[in-house]
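Taken together, the values in this text are just the output of simple stated rules run on the coordinates, not laboratory data. Bear in mind the structure is a predicted one, so any value in this text is a computation, not a measurement. Quick reminder, even Gly has a Cβ in these numbers, built from the backbone with ideal geometry, and neighbours come from all protein chains shown.
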Amino acid sequence: MKDVDLPNGWAAAGLGEIAGVNPRTFRTDVTPDTEVSFVPMAAVEAGSGLLDASDIQLWGDLARRSYTRFAEGDVLFAKITPCMENGKFALAKGLKNGAGVGSTEFHVIRCPSGLHTKYILYFLLQESVRKRARAVMAGAVGQMRVPADFLFELAIPVPPAAEQERIVAEIEKQLTRLDAAVAALQRVRANVKRYRGAVLEAACEGTLVPQHASDEPAERLVERILTERRANVETSPAAKRKELKRAWDDEQQALDTSELPTLPKGWCWARAEQICEAVSSGSTPSADKMYSGSGEVPFIKVYNLTFDGTLDFGTKPTFITKHTHLNQLGRSRSFPGYVLMNIVGPPLGKVSITPDFHPEWNINQAIVSFRPSKGLDHKYLSYALLSGDTQRRLQRTAKATAGQFNLAVTTCRRLALPVPPVSEQRLIVAEVERRLSVVESLEDAVENGLKRAERLRQSVLRRAFEGRLAPQDPDDEPASVLLERIREERQKDPAFVRARVRRVRRERVQLPLGGMGHDEKRQREREPLPADRPEAVELLQHPAG
C-alpha cells in the first residue's frame, strides 16, 4: 500500500509501527486479589467484534498460567484456525477493573492515542485481511496459526484522527441496519424450521390429510408383511432357518403402546423390524481401502446425511472398490430407496434416503439402514424417522460417552413407528412434498438474503478503508503528522523498544532457514546487534527485560 493510492490527508503505516502488538501487560496495576475478566475463545463472537467478559476470576488464580493478558480497549485477534478464518476478533470492552486474561490463541493489539481502536478492529474484520492472514499461517494441520509478524507488517491505511471518528460512526450506522435485517432473516429461518417440524409431526400423527373409512387398515398391512416373512422362514435353507426363526420370535413380541400417542382409526404402531425387511448398521474398511473424489462404489458417511431426507454426497465424497463392496462390506450394501439414519452423534437425527444416481452404495458403521417392506413407502418412513416424537424417544435412549452420543442398532430395530394405511401413506407423501417445497423456497430465499447481507457488510468495510464511506475534511490534521507524533511517542516507550529488539533478534536467528541447531540459535540470539543498526543503540539505552 502506497500513500499515492490513498485519499488526500491519509497515510500508510505498518500496524507494528504505530500500535503495540502483544504488549504482555495490563494498563492498570493488579494484585493477586484483583478481580479480572477471563475470556476464553468461546466467549468471542465470530464476525461481530463482541465478546463476553462476564467470567470474573482472581488474578492470583491465573497469574502462574500462560494466559494472554490484555486491557480495556485492546483488540483481540484469534490466531489459530478455524477461529481466525471465522473472524473471532473483538474489542476488549467491559473488563473487570480494566484487565483481562484469556486464551493463549489471541494476539493483542493496543492502539495509541490518535488511532481509533474500532477503526483497527473493523479493518481486521475485512475478509480480504483474513485471506492474507490465512496465506501466512504456519503449523500442523488443525493447529495452524497466524504469526505475530503478520500483524507487525500489516499495512494500514490511516486517515486523520477526526476522519477515523467519522468512518467508525458511519460503519456502525450501516452495520446496525444490516444487523437488524440479518436478525429478521434469522427469525424467519427459525420459524421455517419450526414449520417444517410441525408438518412432519402432523404427517405422523394423522392430522395432515383426511382419513377414509374405505382404506385397508394398517394392521392388515403389518399382518401381511409378517405372514410373508413367516413363509420365508419356513422355506429358507436349514442353515439359515434357526437365525431367521430367532428374528421372527423377536418380531412377534408384543409392542407396549401405553406411553405412545393415540393414532387415528385405521393406523397402528409397529416396530421398525416388523415393517422393514432389515434394519442393520454399516461397516468401515481400513483407510487404505477408501478413496476421495471418485471411485467404483460410493461410500456414505454421517456428514453426507441431512435433516431433510436428502443425501448430500457432494460433501467430501468417498468411494470404495467393487471388490471391497461385495466382500468385506457385503453386509452393509445399500440400494436406492433404503432409508439411512445416523446412530453416532452429536448431532443425532440425520435421516436420508439412498438416491438412485448410483445403482449401489455402502455405508459406514455410524449409520443404520432401514430397508422398507413392500407396502411401506420409503418417503413416509423417512418422515416418521425425522418426526419430533420419534427423535425425542430415540434420544432418550442414547448413551453418552466422552461427549459422543450412541444409539444401539437393537434400539433402532425395536423402534415403534406409526403406520398409516397404504393409500394414506401416498396422500401424506404428496402433501408433505407440496408443503416442504414452499419451505425449501423460503429457506433458499433466507440463505440468499444472509449471504447478500455478508457481501454488503464486506462492501461497507471495503469502502470505508478506501476513503469512500465518510467525507474528507481538508481542515483535518493530516495523518502523516499524526503518525509522526505516534512514532516519536513510541520511541520513548521501553516496552516498544524491547519488543522491536526481540523481533530483530528473531529475524537474525531465522535468516539461515536450514541446518541451524538449537545451540546455534541460542548463540545467535546472544550475539550483539551490529553497531550500525539503530536497534543496537536503543538496546543500550533500554536493556531488554
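Given the stretch 123-162 reduced to its alpha-carbon atoms as identical point scatterers, what log10 I(q)/I(0) does the Debye formula return at q = 0.26, 0.30 Å⁻¹?
-0.95, -1.10
Would you please state which residues of the stretch 79-106 a label at R65 would reach in this model, taking the label point 7 Å out along Cα→Cβ and a backbone N cut-off of under 15 Å?
Output list for this probe position: 100-106.
Per DSSP H run of at least 4 residues, take -39500 (n - 2.57); add these up for the chain, divide by its residues and hand me the 222 nm value, nearest 500 deg cm²/dmol.
Counting only the DSSP helices, I get -13500 deg cm²/dmol.
Largest first and in whole Å, what are the equivalent-ellipsoid semi-axes of the stretch 176-234 based on the Cα gyration tensor, each being the root of 5 times an eigenvalue?
Values: eigenvalues 438, 51, 5 Å².
Its equivalent ellipsoid spans semi-axes of 47, 16, 5 Å.
Give the Rg (one decimal place) followed by the Dmax (whole number) of the stretch 400-445, computed from C-alpha coordinates and expressed in Å.
Expressed in Å, the Cα Rg and Dmax of the stretch 400-445 come to 17.2, 45.
Before anything else, pin down the relative contact order of the stretch 1-109: Cα pairs under 8 Å, at least 6 apart, normalised by residue count, whole percent.
Once divided by the residue count of the stretch 1-109, the mean separation gives 34 percent.
Rg and Dmax of the stretch 267-350, using alpha carbons, in Å: what are they?
For the stretch 267-350, the Cα-based Rg and Dmax read 14.2, 48 Å.
Starting from the Cα of N327, step 7 Å along the direction of its Cβ; do the same at A135; then give the gap between the two resulting points in nm.
In this crude spin-label approximation the distance works out to 4.9 nm.
Which distance in nm do the two modelled labels at D288 and N8 give, with both placed 7 Å along the Cα-to-Cβ direction?
Between D288 and N8, the simple spin-label model gives 7.2 nm.
Kirkwood Rh, Cα Rg: Rg to Rh for the stretch 1-104? Walk me through the numbers on the way to the answer.
On the way: Rg = 15.9 Å, Rh = 15.0 Å.
Radius of gyration over Kirkwood radius for the stretch 1-104 works out to 1.06.
If you take every DSSP beta bridge fully contained in the chain, what fraction is antiparallel? Give it as a percent rounded to 5. Please list the in-between numbers first.
Values: 52 of 59 bridges.
Roughly 90 percent of the beta bridges in the chain run antiparallel, per DSSP.
Over the Cα atoms of the chain, compute the convex hull volume and normalise it per residue, giving Å³.
Each residue corresponds to 222 Å³ of Cα convex hull volume.
Using only the C-alpha atoms of the stretch 249-420, find the volume of their convex hull and express it per residue in Å³. Please list the in-between numbers first.
Working: hull volume 21.8 nm³, N = 172.
Spelled out: Cα convex hull of the stretch 249-420, divided by residues, is 127 Å³.
Can you list the equivalent-ellipsoid semi-axes of the stretch 124-205, largest first and in whole Å, using the square root of 5 times each Cα gyration tensor eigenvalue?
41, 25, 6
Do you know the relative contact order of the stretch 249-420, to the nearest whole percent, from alpha carbon pairs under 8 angstrom that are 6+ apart?
30
Two-decimal Rg/Rh of the stretch 97-247 from alpha-carbon positions, Kirkwood Rh?
Ratio of gyration radius to Kirkwood radius: 1.37.
What's the extension gain from R455 to E259 if we count 0.36 nm per residue and subtract their Cα-Cα distance?
The R455-E259 span can extend by a further 65.5 nm.
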